[in-house]
Amino acid sequence: MYNFSDYIESALTILRKPQATMKWYAVPLFVMVLYFANKEIHEGNYKIVLGGFALWGLISSMRYGTPWSASQAAGLLFGERRSESVILKEKLKHKKAVIDSVKT
């Protein structure tokens, strides 16, 4: 009916089959994080919550990269240095693998 580009078709297949791409273990982990953060905030332990969010930010910046290049600084800290182009190539390879697994 419609002529969609390949990118739109791949996005639609991912949306139509979430069981192939959704990491369901993340849902209970997210609920636990919200519970403990709420508990610590009500007890007045703001430093613990802010420290947890800072650690999460550091880890996510290492994994996904950020515009301010915190991933490279954190990579130096942990002995791993990857350029942004290498990270983007790995993401593209992973996306292609997910799309291929959804198509089959």
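The residue that is modelled with the lowest pLDDT, counting only those in segment 52-104 that are outside any helix (DSSP H, G or I) and polar (S, T, N, Q), is 69. Answer with yes or no whether residue 34 is modelled with pLDDT under 75, part of a helix (DSSP H, G or I), out of contact with any strand residue (DSSP E or B) (no Cβ under 6 Å at 6 or more places or on another chain) and loosely packed, with under 12 Cβ neighbours inside 10 Å. No, not satisfied.
The set of residues in segment 37-51 that are in a helix (DSSP H, G or I) and among the small types (Gly, Ala, Ser) comprises 37, 51.
Within segment 1-54, the residues that satisfy the criterion of being charged (D, E, K, R) and either closer than 30 Å to residue 103 by Cβ or within 17 Å of the chain's Cα centre (by Cα) (or both) are 6, 9, 16, 17, 23.
The values are calculated or read from the model by the stated rules, or taken from the named source; none is laboratory data. If you're wondering where the values come from, they're calculated on a predicted model, not measured in any experiment. All Cβ positions, glycine included, derive from the backbone under ideal geometry; neighbour counts span all protein chains shown.
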